[in-house]
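The values are calculated or read from the model by the stated rules, or taken from the named source; none is laboratory data. Since we're looking at a predicted model, the values are computed, not measured. We place every Cβ from the backbone using ideal geometry, glycine too, and count neighbours over all the protein chains shown. Just so you know, the surface numbers come from the protein's heavy atoms only, side chains and all, with ligands and any DNA or RNA stripped out. Shrake-Rupley method; radii C 1.70, N 1.55, O 1.52, S 1.80 Å.
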Amino acid sequence: MGRDFNRFWTGSLSSNLGDGMMFVALPLVAALLTNDPLLVAGLTAVRYLPWLLVGLFAGVVVDRVDRVRLMVLTNLGRGGALVALAVSIATGHASIWVLYAVMFTVMVCEVFYDLAGHAMLPDIAPAGQLDRANGRLVGGQTVTQQFAGGPLAGFLFAVAAFLPLAVNAGAYLLGALVLLGLPLAVRRPPRPEGASEREDGEGRGVVRSVFGDIGEGLAFVFRGSSLGPVLAFNVVMNMAFVAQSAVMVLLVRDHFGVPAALYGVFLGASAVGALLGAASVSRIVGRLGRFRTELVLFTLASVCCVVFGLAPNAYVAAAAWTVLGFCLTSSNIVMLSAIQLIVPGAQMGRVMSCVQVSGAGFSPIGALLGGALGRVELFYVPVAAGVAVFAALLLSVSALRRITGQADEKEAEQMAAADGAAGGTGSEASGPETGSTDSAPGSVPDTGAKGRESMADLGEQGRGVGQEKG
């Protein structure tokens, strides 16, 4: 996958380890500070709030600045906030409100970090390898967050409440340091053709400029592409699965009779499926193509929800939960890669922010609907979730076909251009051996700079195709 991708992946793994530790450690700290269920649950609300408040603005920033520098600074911000919390816990000055403030600060930083990473990946992954690259990132995220970060945080918390937060901050710092080595070519988003420095905001008000950029991103999603219906499907799917997750502890404990001590093991079945999906999705896409892969995975996911709700025992439910994790992870990787392929690089941050905000923004509504339906009968929730996803899929088939078709065309063009660039570089490399008298005997001509220029040209060509399709 290349040195740049491996560095990017290593930095992401370190940050994901920190995320996994934080999402276990902060609720444990909250339970130490208060016994009020509403105050403890408020931590989850604070976790999603930054996406609603700054998500679209973050997309504008990501499309304007050095993305690596932004990721480094936000990781440092997350680490600093957690160090402050660790100190307050160690000195006995922590409160639930301090916890809320730290969670909000960390998640604001994460909004910028995640969007910058998604926007930068197409410039780092080799041509034709975007599904594989996203699969590695998601697989690494699953392992570090759910199999490593969470258990490690629980163990360190048993030693001292502040300890997992201190180690967590160190993981963010390490991730920041690793990212510093990425080349300048992938750091800053490309300027749209014909744009000038003055168009970045000089000559018009800052607020007007920001809202204008947000409007451009929304216009691309809803008028310049087929992403609007897909985004609507994403909203329904997120609400459905959040509704099921909101009552999961009651479903597993009361409906299926799983002991509380094994609840974490039951949930881990989904992580196993997610890891398998991340490892195999590129091969599945190679066999079936993007459209048929998405159609099969989304259909199977809706069936798994229904099977989960109607399962006669916990073993069948756990099997359905495992397959559901496989389907959701694989389908998300395919859709993410498709969006990254068709969206112009200069608009990537804003479009990805629309996708993320649409999912996070309606999650609280899905949770409330799941809780209300669960009061009637718990198993109704996953059954209703499966039916809702399948119905939304039927309405989105044509849009999915267009999006995945455009992504396939764009990927084929990128691979053809990459092959042509490699052939041209090879021809230039052979020239000095036969015709040049300037090179020293046995020396190898320096073709690295030309190769990098070819790939930079390829990125510009790809973004132009995406703009035309928009």
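Couple of notes before you dig in:
- A count restricted to the range 369-390 and to residues that are open to solvent by 10 Å² or more (accessible area, probe 1.4 Å), in contact (Cβ under 8 Å) with a residue 60 or more places away in the chain and part of a helix (DSSP H, G or I) stands at 10.
- Flag if LEU121 is farther than 24 Å from LEU26 by Cβ and either surrounded by fewer than 19 Cβ atoms within 10 Å (Cβ to Cβ) or at pLDDT below 90 (or both): yes
- The single residue among VAL303, VAL351, VAL296 that is surrounded by fewer than 20 Cβ atoms within 10 Å (Cβ to Cβ), farther than 30 Å from ASP254 by Cβ and not small (Gly, Ala, Ser) turns out to be VAL296.
- Test: LEU49 is assigned to a helix (DSSP H, G or I), modelled with pLDDT of 85 or more and buried (at least 17 other Cβ atoms within 10 Å of the Cβ): no
- LEU28 vs. criteria surrounded by fewer than 18 Cβ atoms within 10 Å (Cβ to Cβ), of a type in the set (A, V, I, L, M) and within 21 Å of TYR172 (Cα to Cα): yes
- Every condition in (1) open to solvent by 20 Å² or more (accessible area, probe 1.4 Å); (2) in a helix (DSSP H, G or I) is met by ALA116 except one, and the failing one is (1).
- The range 57-91: number of residues that are assigned to a helix (DSSP H, G or I) and either out of contact with any Leu (no Cβ under 8 Å at 6 or more places or on another chain) or under 14 Å from ALA176 (Cα atoms) (or both): 21
- Reported count of residues in the range 151-170, each being open to solvent by less than 50 Å² (accessible area, probe 1.4 Å) and either closer than 7 Å to MET21 by Cβ or of a type in the set (Val, Ile, Thr) (or both), is 3.
- Set side by side, the residues GLY459, GLY431, GLY466, GLY405 differ, and just one is modelled with pLDDT of 65 or more and part of a helix (DSSP H, G or I), which is GLY405.
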